[in-house]
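The values are calculated or read from the model by the stated rules, or taken from the named source; none is laboratory data. Being a predicted model, the structure only gives us computed values, none of them experimental. Ideal geometry is used to build each Cβ from the backbone, glycine not excepted, and the neighbour counts take in all protein chains shown. Quick note on the areas: whole protein, heavy atoms, side chains included, nothing else; ligands and nucleic acids left out. Shrake-Rupley method; radii C 1.70, N 1.55, O 1.52, S 1.80 Å.
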Amino acid sequence: MTEQPDRSEADDFDGIVEAETNLPQDLEAARSGDAPTPDLAVIEAGSRTLRTHGVQPQGEAVPGRPADPEVDAALRAVETELAGRWGETKLEPSVTRIAALMDVLGEPQRAYPTIHITGTNGKTSTARMIEALLGAFELRTGRYTSPHIQSITERISLDGLPIPAERFIETYEDIKPYVEMVDAKEEFRLSFFEVLTGMAYAAFADAPVDAAVVEVGMGGTWDATNVIDAGVAVVTPIDLDHTDRLGNTTAEIATEKSGIIKQDATVILAQQPVDAAQVMLKKAVETDATVAREGMEFGIVAREVAVGGQLLTLRGLGGEYEDVFLPLYGAHQAHNAAVALAAVEAFFGVGSQQPGPLDIDTVRKAFASVVSPGRLEVVRRSPTVVLDAAHNPAGARATADGLTEAFGFSRLIGVVAASADKDVKGLLEAFEPVLAEVVVTANASMRSMDVDELAALAVEVFGDERVVVEPRLDDAIEAAITLAEEEDEYAGAGVLVTGSVFTVGDARLLLKRG
């Protein structure tokens, strides 16, 4: 295990950090709902040197801070208030509080039909695809996903884009008196995630939207989003994650997640472990729900790698859809696309009330427009730097396969910062076959694993010679880029930054802001 020497520019870097100390002290707190975090000025300082050759973000899928100082200050105030509540990792298994909030708000979640998404991996990408499809068919959409990458406003989207900061603030101020009413009556105050869920449902009703796409925060039955009666329930692949809260087997986790399946709904079931599938099918029988299974009623007919993504032929509930270009990498994204298409078909009644497939040109246009920030996302060239939010072994395996298929790096250097409450050793083991070396580091989250502990795990998996330690993320990225560039024979080398959504968010600030 090697320690990188201090850089000669350290004094300059520290000067920039001091100059940037007016950045928000609670960015990650607002992102996760935990207590305030260490100063993130280091992220801005590091970005001064790492933005070179950056690929600018497309559109406003991941917005930065508001340009107007007054709006920025108001958003910071909202973030601070939300950060003072229970975080997303602290749960009390009940929908009592969120149900009470919906009641005093006039049940806004019942003002529009909903597609509800649960599962372990692929939820956000699938939600974005569903949103794109619904929008292409001229429906006004609302999307609620979590966690966010950089800005808290990402969690609530209208018509495919995060709501403006001004609207986020207005929505919070509108429901705040009702939140305080519920706080006063309940044993526990509404949590960070419960308040955001209330904001999303209220914002969608106020818009108003024609359809909402809602991703669970964790689990299903007791998740705050589960005060909706979604006509379509989507279950992406289930694997082991959050085992301390959801269960130690995929069957136990599926039992909790099956709580989103409502009476007479249509269930779109991605490929699952056998025990998880059995749980879902049993729940469907109990609720008289109709089930469409990937590999049976719908799925992938053909798939080939294409420039900038992949070309698919999908079999939906109403027929085949040929020559569908998806600008995302990896077989897992093709599976997500098949699930998303079936969900939208079910939403429109294809296969039941409506014979035949959806309009193929509209479907092609929708999928071609899909973006999923932080999912095998290229943010720099020469060398290529890829960001991916994989944070559990199943996600890491999918990412590793996608990298091998789509990029063909001659040598790949990993930058890993992971949350301490995850199966970090399993994550590292999944990446070991594709990484020549790994630079272990930390992100700005208070949940980030201690660098020395992460290094010890990495040495177990990779061996001492393949592990580099850099406590600061900007230094870790720079070290990885140097390793990728150090020998001419490795002209096809690349860098993967991964391990957590928080890591990806911080890396995006370093590499893409400005």
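Open to solvent by 10 Å² or more (accessible area, probe 1.4 Å) and either farther than 21 Å from R447 by Cβ or among the small types (G, A, S) (or both): is that true of D210 in this structure?
Values: open to solvent by 10 Å² or more (accessible area, probe 1.4 Å): yes; either farther than 21 Å from R447 by Cβ or among the small types (G, A, S) (or both): yes.
Here the answer is yes, as D210 does meet what is asked.
Do any helices (runs of 4 or more DSSP H) entirely within the range 399-505 hold 1 or more residues that are over 22 Å from D239 (Cα atoms), and if so, which? Before the answer, list the steps.
Working: elements: 424-431, 451-462, 473-485.
Per the criteria, 451-462, 473-485.
Let me spell it out: the conditions are (1) at pLDDT 95 or above; (2) among the small types (G, A, S); (3) surrounded by 23 or more Cβ atoms within 10 Å (Cβ to Cβ), and A368 meets all of them except one. Which number is the exception?
(3)
I'd like to check which helices (runs of 4 or more DSSP H) are fully inside the range 255-369 and have at least 1 residues that are under 21 Å from the mean Cα position of the chain (by Cα).
Values: elements: 274-286, 331-348, 360-368.
Correct list: 331-348, 360-368.
Quickly run through the range 404-422 and pick out the residues that are among the hydroxyl-bearing types (S, T, Y) and closer than 14 Å to A390 by Cα. Don't jump to the end; show me each part of the working.
Start the filter on the range 404-422 by keeping residues that are among the hydroxyl-bearing types (S, T, Y), which leaves 404, 410, 419.
Across the range 404-422, the qualifying residue is only S419.
Contact list please: Cβ distance under 8 Å, first residue in the range 149-175 and within 14 Å of G198 (Cβ to Cβ), second residue among the basic types (K, R) and crowded, with 18+ Cβ neighbours inside 10 Å, pairs at least six apart or on different chains.
Going by the 8 Å Cβ cut-off, the qualifying pairs are I156/R143.
Spot the failing condition for G219; the list is (1) open to solvent by less than 10 Å² (accessible area, probe 1.4 Å); (2) not in a loop (DSSP other than H, G, I, E, B), and only one is missed.
Single failed check for G219: (2).
Among the residues of the range 291-310, what is the count of those that are among the aliphatic types (A, V, I, L, M), open to solvent by 20 Å² or more (accessible area, probe 1.4 Å) and within 20 Å of E345 (Cα to Cα)? Talk me through it step by step, then tell me what you get.
Keep residues of the range 291-310 that are among the aliphatic types (A, V, I, L, M), which gives 291-292, 296, 300-302, 305-307.
If we keep only those that are open to solvent by 20 Å² or more (accessible area, probe 1.4 Å) too, we end up with 291, 296, 300-302, 305-307.
After this cut, where a residue has to be within 20 Å of E345 (Cα to Cα) as well, the list is 291, 296, 300-302.
Looking only at that region, the number is 5.
Which is open to solvent by 20 Å² or more (accessible area, probe 1.4 Å), touching a helix residue (DSSP H, G or I) at 6+ places or on another chain (Cβ under 7 Å) and either aliphatic (A, V, I, L, M) or free of Cβ contacts under 8 Å to residues at least 40 places away in the same chain (or both), of D264, D288, D239, D275? Write out each step before concluding.
Numbers: D264 fails: touching a helix residue (DSSP H, G or I) at 6+ places or on another chain (Cβ under 7 Å); D288 fails: touching a helix residue (DSSP H, G or I) at 6+ places or on another chain (Cβ under 7 Å); D239 fails: either aliphatic (A, V, I, L, M) or free of Cβ contacts under 8 Å to residues at least 40 places away in the same chain (or both).
Step by step, each of D264, D288, D239, D275 is checked, and only D275 is open to solvent by 20 Å² or more (accessible area, probe 1.4 Å), touching a helix residue (DSSP H, G or I) at 6+ places or on another chain (Cβ under 7 Å) and either aliphatic (A, V, I, L, M) or free of Cβ contacts under 8 Å to residues at least 40 places away in the same chain (or both).
When you go through A436, A398, A417, A442 one by one, which is the residue that is open to solvent by less than 10 Å² (accessible area, probe 1.4 Å), out of contact with any Asp or Glu (no Cβ under 6 Å at 6 or more places or on another chain) and touching a residue at least 12 places away in the same chain (Cβ under 8 Å)?
Details: A436 fails: open to solvent by less than 10 Å² (accessible area, probe 1.4 Å); A398 fails: open to solvent by less than 10 Å² (accessible area, probe 1.4 Å); A442 fails: open to solvent by less than 10 Å² (accessible area, probe 1.4 Å).
From the options A436, A398, A417, A442, the qualifying one is A417.
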